[in-house]
Amino acid sequence: MGALSMGGVYAIKPLSKERRPDGSPVTVQQGGSFSLTGYPRHLRRLAGRLGVPAGFPTSFVGTPSYFSIKKDSRMNMTTNTILITGGAAGIGLALARQLSERGNRVIICGRSEEALLKAQAQLPHVVTRVCDITDQASRQSMVNWLNTEYPGLAMVINNAGVQYRRLFTDVNALEYLEQEVATNFIAPVRLIGELLPLLKRQSQAAIINVTSALAFAPMADVPVYCATKAAMHSFTLTLRHQLKATSVRVVEMAPPIVDTGLGGGTRSGGAAGQQMMSADEFAIDALIQLENDQDEVLVGLSVGARKMGEALFERMNGA
Ligand SMILES: NC(=O)c1ccc[n+]([C@@H]2O[C@H](COP(=O)([O-])OP(=O)(O)OC[C@H]3O[C@@H](n4cnc5c(N)ncnc54)[C@H](OP(=O)(O)O)[C@@H]3O)[C@@H](O)[C@H]2O)c1
């Protein structure tokens with residue numbers, strides 16, 4: 001008889017019939033909490049057989065060959081210290097509100113002090129920091145401040161972003177090109193590199209990169225924006241692969257069309273407007289998926305865009 005008595009949260013899952021070899025019984029003792037995962041039918045059978053109430057028993061006796069017993073790696077989403085870039089408005093502010101209400105310590109940054117103070121008036125527990133993430137000195141100063149003041153930082157949500165319409169048939173197609181690429185791609189990649197040593201020190205940490213449904217299927221009038229989001233999607237996949245043996249989880253969060261000031265609020269009109277959700281609706285849905293351990297948090301239209309990719313291009317942009 002084996003025994004598991006380590007602390008932590010364990011997921012105990014009944015194996016399918018085909019995957020049940022013979023094995024000796026194991027006892028899981030106090031010292032941790034245990035959650036039974038599986039279908040309700042399994043839960044009822046398992047609870048009945050073990051004589052424990054379904055839900056969160058504190059001790060468990062069973063045959064290991066019939067169950068997979070894994071440490072539950074789900075992120076604690078209630079007492080973390082979390083940085084949200086671009087957290088003073090739109091999606092960032094909605095995420096800040098939801099995460100703050102769950103008891104996390106939330107730090108928001110952005111370029112405009114006025115916008116940060118307005119956000120803080122709504123969410124008094126939120127900590128603010130003026131930072132232009134594209135500016136090396138400003139970003140480095142925030143990273144140093146986080147290391148000193150918030151050494152427990154466990155989550156970074158790379159949310160700050162800008163969007164410009166560009167017609168390459170016009171003369172000003174290249175306006176703000178560097179700023180768009182820097183904000184949406186270079187700065188978050190740099191910030192990740194600069195914060196990784198701190199994140200790796202935590203027993204559980206997460207990097208959440210906010211991309212877009214347009215990372216999978218581009219919209220023709222915001223071509224560079226879509227390319228930066230596709231780049232961030234690709235980078236997120238490879239970063240997750242590189243960090244898989246560390247305590248740092250890497251998540252992509254791809255919003256659909258959300259009612260914010262992005263791109264000067266140009267997304268609110270026409271057909272796009274009809275499919276739009278509010279930033280709060282998005283944040284609530286996205287955080288449920290994050291809590292459920294999803295590597296890719298896809299909301300609304302992003303689900304179809306992820307599946308169909310460029311096959312959607314003509315439907316979105318016309319023939
Ligand atoms: N809304 C949508 O339909 C939609 C859809 C898919 C993906 N997204 C993505 O969601 C994220 C949030 O966008 P949103 O819709 O919430 O837009 P938003 O309302 O315009 O908010 C963007 C935030 O980014 C901040 N920001 C911009 N440049 C910055 C910089 N250099 N340094 C620091 N902060 C900066 C802005 O604050 P300051 O101006 O004060 O710096 C602002 O708080 C973006 O990555 C966007 O691409 C949005």
Given H placed 1.01 Å from N in the peptide plane, which residues other than close sequence neighbours of CYS131 have an amide H under 5 Å from its amide H?
GLY110, ARG111
Multiply the residue gap between ILE288 and LEU177 by 0.36 nm, knock off their C-alpha separation, and tell me the result in nm, one decimal place.
36.5 nm
Efficiency by 1/(1 + (r/R0)^6): what FRET value for ALA121 and THR78, r their Cβ-Cβ distance, R0 = 22 Å, to the nearest 0.05?
0.35
At a 10 Å Cβ-Cβ cut-off, how would you order PHE313, PHE282, PHE216, PHE168, fewest neighbours first?
PHE168, PHE313, PHE216, PHE282
Under a plain spin-label model, where a point goes 7 Å from the Cα along Cα-to-Cβ, how far apart in nm are SER112 and LEU167?
2.7 nm
Could you check the spin-label model distance between TYR150 and GLU281? Points 7 Å from the Cα along Cα→Cβ, value in nm.
2.9 nm
Per-residue Cβ neighbour rank within 10 angstrom, fewest leading, MET276, MET155:
MET276, MET155
Inter-label distance for ALA137 and VAL303, nm, one decimal - labels placed 7 Å from Cα along Cα-to-Cβ:
4.8 nm
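Each value in this text was obtained by applying a stated rule to the coordinates, not by laboratory testing. What you see is a predicted model; the values in this text were computed from it and never measured. Methodologically, a virtual Cβ is constructed for each residue, glycine included, from the backbone with ideal geometry; neighbour enumeration extends over all protein chains shown.
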